[in-house]
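Peer 1: The structure's right below; bear with me while I get my questions together.
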Amino acid sequence: MQSPVVWFPELIRCGLTDATPVLPADFSPEEAARLAYQHHVSGVVYTALSRAGLGLQSPVMRDLLAHTGRAVSVCETQTLELDTLLAAFSARGVDFLPLKGVTLRPLYPEPSMREMGDGDILIRTEQYPTVAAIMEECGYV
């Protein structure tokens, strides 16, 4: 059995490019899905496996598609919330620097392919009270 160490990175590459993966004879869609969920790349893996010819007749592909749909919904919500916060920070003179996923997400073929649990933003310690007030005004607790 070929190790996922060999084929999983290839799935990621193919999901992020226009390439079609060549799956090994002993390929396990279940293992691919497990790794996709573990590493928060279900949309990337779903895209690659679709290109490889796996269709929605497969329960694994249906699960990956459902997870990808939820990731798209979360992405849209996060984008709207971050846009609102960053605009409010700018309007109130807060110095900020978006980090990690916030800056990387737009570089993906589909922004929802970069799943995030939160939005990392660097701010000045002395501006914490202003940031806290802005966040409360935006509905955060």
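Peer 1: Any residue in region 43-58 that is closer than 22 Å to residue 74 by Cα sitting within a Cβ distance under 6 Å of a residue that is among the β-branched types (Val, Ile, Thr) and crowded, with 16+ Cβ neighbours inside 10 Å? List the pairs, counting only those 6 or more apart or interchain.
Peer 2: Sorted first by the residue in region 43-58, then by its partner, the pairs are 43/68; 44/12; 46/68.
Peer 1: Please go through region 54-64 and give me each residue that is open to solvent by 40 Å² or more (accessible area, probe 1.4 Å) and at pLDDT 95 or above, ordered by number.
Peer 2: 59, 62, 63, listed by residue number.
Peer 1: Now for a different question. Name every residue in region 17-53 that is under 14 Å from residue 115 (Cα atoms), open to solvent by 50 Å² or more (accessible area, probe 1.4 Å) and either touching a helix residue (DSSP H, G or I) at 6+ places or on another chain (Cβ under 6 Å) or polar (S, T, N, Q) (or both), in order of residue number.
Peer 2: 38, the sole residue that qualifies.
Peer 1: Regarding region 116-134, can at least one residue be identified that is over 23 Å from the mean Cα position of the chain (by Cα), modelled with pLDDT of 90 or more and assigned to a loop (DSSP other than H, G, I, E, B)?
Peer 2: Checked region 116-134: at least one residue is over 23 Å from the mean Cα position of the chain (by Cα), modelled with pLDDT of 90 or more and assigned to a loop (DSSP other than H, G, I, E, B).
Peer 1: Kindly list, by first and then second residue, each pair from a residue in region 25-40 that is under 18 Å from residue 53 (Cα atoms) and of a type outside the set (Val, Ile, Thr) to a residue that is in a loop (DSSP other than H, G, I, E, B) and open to solvent by less than 80 Å² (accessible area, probe 1.4 Å), limited to pairs with Cβ atoms under 7 Å and residues at least 6 apart or on different chains.
Peer 2: 26/2; 29/54; 29/58
Peer 1: Then there's this: What are the residues in region 82-141 that are hydrophobic (A, V, I, L, M, F, W, C), open to solvent by 70 Å² or more (accessible area, probe 1.4 Å) and either over 30 Å from residue 18 (Cα atoms) or in contact (Cβ under 8 Å) with a residue 12 or more places away in the chain (or both), if any?
Peer 2: 91, 97, 122, 141
Peer 1: Criterion first (part of a helix (DSSP H, G or I), of a type in the set (D, E, K, R) and over 30 Å from residue 21 (Cβ atoms)) does residue 63 satisfy it?
Peer 2: No: the conditions fail for residue 63.
Peer 1: What number of residues within region 93-104 are within 14 Å of the chain's Cα centre (by Cα) and either of a type in the set (Val, Ile, Thr) or at pLDDT 90 or above (or both)?
Peer 2: Residues that pass the stated criteria total 4.
Peer 1: Taking region 96-141, which residues are among the β-branched types (Val, Ile, Thr) and out of contact with any Phe, Trp or Tyr (no Cβ under 8 Å at 6 or more places or on another chain)?
Peer 2: Of everything in region 96-141, those that are among the β-branched types (Val, Ile, Thr) and out of contact with any Phe, Trp or Tyr (no Cβ under 8 Å at 6 or more places or on another chain) turn out to be 102, 103, 125, 130, 141.
The values are calculated or read from the model by the stated rules, or taken from the named source; none is laboratory data. Remember, it's a predicted structure, so these values are computed and weren't measured experimentally. Here Cβ is always computed from backbone atoms with ideal geometry, including for glycine, and neighbour counts include all displayed protein chains. Heads up: the accessible areas ignore ligands, DNA and RNA and are worked out on the full protein's heavy atoms, side chains in. Shrake-Rupley method; radii C 1.70, N 1.55, O 1.52, S 1.80 Å.
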